[in-house]
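Colleague: I'd like to ask you about the structure that follows.
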Amino acid sequence: MTLLQLQYIVKIVECGSMNEASHALYISQPALSSAVKELEKEMGIEIFTRSSQGIALTVDGVEFLQYARQILDQTELMNERYKHTKPRKQLCQVSTQHYMFAVEAFVEMINSSDSEEYEFSIREDRTREIIESVANMRSEIGILYTSDFNRNVINKLLREKHLEFHPLFNAGLHVFISRENPLAVKDRLTMEDLKPYPFIQFEQGEEGSFYFAEEAVWPEYASKQINVTDRATNLNFIVGLNGYTISTGIDNEDLNTEKIVTVPLDTDDRMLVGWITNERSNLSHAAETYISKLKEVVRKHGYSTIEG
C-alpha cells in the first residue's frame, strides 16, 4: 500500500467516477483501475462496486476511505512540521435540494474561510442522489426535508445507508407565484385556488416517486404540469408562465421579490428541513462552519432552528 494509492481512492470518491478521477490525476483510466485492483488485492477487500451505472463504495470501502483520509491528513501534518510545506486545500462538498438558503449559507461559509486555498463544491440534486452522495462520501452533508407523508420511507432509506438526519427547522408550506398573478393579493391560498395555473415540480428521474418529491404537497390532478431540474428555470417559469411551486417560504437575494411573492398555503402539512451525515465519518472544519452558517441564515429569515 502506498500513499499514492490512497490519494487515488480519495480522488475517485471526490470525482464520482474512474474516468473523471483519471483526468484529474493526469493518468490513464486503465492505470488507475489497475492501481485500485492491486490495493484491493493487497488489503483483501473490495473497495468499489462496479456497474453500468458507475462505481460506489462498498461497506468495507466506506471504512477504508476513513482510514485513508486520516493517513493522508497525518502525512500532511508531518510535511508541514518538518518540510514546511503549505497545508492541503480546505475541502467541503454539499448536496442539497433546491433551497436558496442552502446556497446563501454556502456563500457565508466561503466568506468566513481563513484558508489561503480551498476547494468547495455544492450540488443541487435529486433527493435520491443526495442520499447516495452522502452514503458514498462524495458529499459530507446533504440537505433535504421530511414530512408526515414521506418520513417513514426517507428514514428507512437513511437507516439502510447508515445516515443520520439532523433537524434544522420546521416550516409551514408556501406557494411561490408571480406578483402579477391575481392570487398574489390573498393572505392564504388553497390547492383549489391554484387549479388553473401550471404546477412546476422538480423532477426526480426514472427512479423517483412521490416520496422523493421536493414539494411536500401537490395537486390531486394537474392539468398543466412542468418538470424542471434547476432553480433558475423554476423561477423563470413562475414569472413567464404564471406557474407556481410549493416550498418553505424562505426568500432571499436570489428571489426577485419585485416579480415573485410567497403566500402561505392553507394546510396543516409542514416540512421538517434538516441535513444528513454519514454515521461513519466526522465532519471537516469547513463542514461544521457550513452548518453554523446554515443556522444563522435560517434564523435571519425569521425561522427558529432546532438545536440538539
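Computed from the coordinates by the stated procedures, all read-outs in this text should not be read as laboratory data. Nothing here was measured: the structure is a model prediction, and the numbers come from that model. Positions of Cβ are generated from backbone atoms using ideal geometry, with glycine treated the same way; all protein chains shown enter the neighbour counts.
Colleague: How far, in degrees from 0 to 90, does helix 231-240 lean away from the longest principal axis of the Cα atoms of the chain, to the nearest 10?
Modeller: That helix lies at roughly 20 degrees to the long axis.
Colleague: Here's a follow-up. If the elastic network links every pair of Cα atoms under 10 Å, which of MET271, MET78, MET137 fluctuates the most in the Gaussian network model of the chain?
Modeller: MET78
Colleague: Moving on to the next point. For GLN93, list long-range residues whose amide hydrogen, built 1.01 Å from N in the peptide plane, is under 5 Å from its own amide hydrogen.
Modeller: When sequence neighbours closer than 5 places are left aside, the close amide H contacts are SER121, GLU140, ILE141.
Colleague: Using +1 on the beta carbon of Lys and Arg, -1 on that of Asp and Glu, and nothing else charged, what's the dipole of region 100-247 about the Cα centre, debye to 20? The partial results should precede the final answer.
Modeller: Details: 14 positive and 25 negative charges, 135 e Å.
Magnitude of the dipole: close to 640 debye.
Colleague: Dividing the alpha-carbon radius of gyration of region 205-300 by 2.2 N^0.38 Å (N being the number of residues), what value is obtained? Present the calculation step by step, with values, prior to reporting the outcome.
Modeller: On the way: Rg = 16.4 Å, N = 96, 2.2 N^0.38 = 12.5 Å.
My calculation over the Cα atoms of region 205-300 gives 1.32.
Colleague: Using the Cα gyration tensor of region 17-79, with a ≥ b ≥ c the square roots of its eigenvalues, what is the shape: rounded (a/c below 1.5), prolate (a/b larger than b/c) or oblate (neither)?
Modeller: On the way: a/c = 1.84, a/b = 1.27, b/c = 1.46.
Verdict is oblate for region 17-79.
Colleague: ALA24: net charge of surrounding residues, Cβ under 9 Å, Lys/Arg +1, Asp/Glu -1, itself excluded? Mind dumping the intermediate values first?
Modeller: Values: positive: LYS11; negative: GLU14, GLU20.
Charge balance near ALA24 sits at -1.
Colleague: Binning every alpha carbon pair distance of region 92-196 at 5 Å from zero, what are the percents per bin?
Modeller: So the P(r) values, bin by bin, are 2, 10, 17, 17, 15, 14, 11, 8, 4, 1, 0.
Colleague: Over the chain, with a Gaussian network built from C-alpha contacts below 10 Å, which listed residue (GLU42, GLU296, GLU104) shows the highest mean-square fluctuation?
Modeller: For the chain, modelled as a Gaussian network with Cα springs under 10 Å, the answer is GLU42.
Colleague: What's the local net charge at SER281, with K and R +1, D and E -1, over the other residues with C-beta under 12 Å away? Don't skip to the answer; put the middle values down first.
Modeller: Values: positive: ARG69, ARG138, ARG280; negative: GLU63, GLU140, GLU164, GLU279.
Summing Lys/Arg as +1 and Asp/Glu as -1 gives -1.
Colleague: Which aspartates and glutamates have a Cα less than 16 Å from the Cα of LYS156, not counting those fewer than 8 places away in the same chain?
Modeller: Output for LYS156: GLU129, GLU132, ASP148, GLU164, GLU279.
Colleague: Would you look at the GNM of the chain, springs on alpha carbons closer than 10 Å, and say which of GLN204, GLN70, GLN97 moves the most?
Modeller: Judging by the Gaussian network model, the answer is GLN70.
Colleague: Sticking with this structure for a sec: Using θ = phi - 60° and the Karplus form 6.51 cos²θ - 1.76 cosθ + 1.60, what ³J(HN,Hα) does each residue of region 285-295 get, whole Hz, x for Gly and Pro?
Modeller: Each residue's phi maps through the Karplus curve to give 4, 5, 5, 5, 5, 4, 4, 4, 5, 4, 5 Hz.
Colleague: Based on DSSP H runs of at least 4 residues, each adding -39500 (n - 2.57), what is the mean residue ellipticity at 222 nm of the chain after dividing by all its residues, to the nearest 500 deg cm²/dmol? Show your work: numbers first, answer last.
Modeller: Details: 10 runs with 123 residues, N = 308.
Result for the chain: -12500 deg cm²/dmol, rounded to the nearest 500.
Colleague: Along the charge dipole of region 88-156, pointing to its positive end and built from +1/-1 on Cβ of Lys, Arg, Asp and Glu, which listed residue (TYR99, MET137, PHE149) has its Cα farthest out?
Modeller: Most positive-ward Cα: PHE149.
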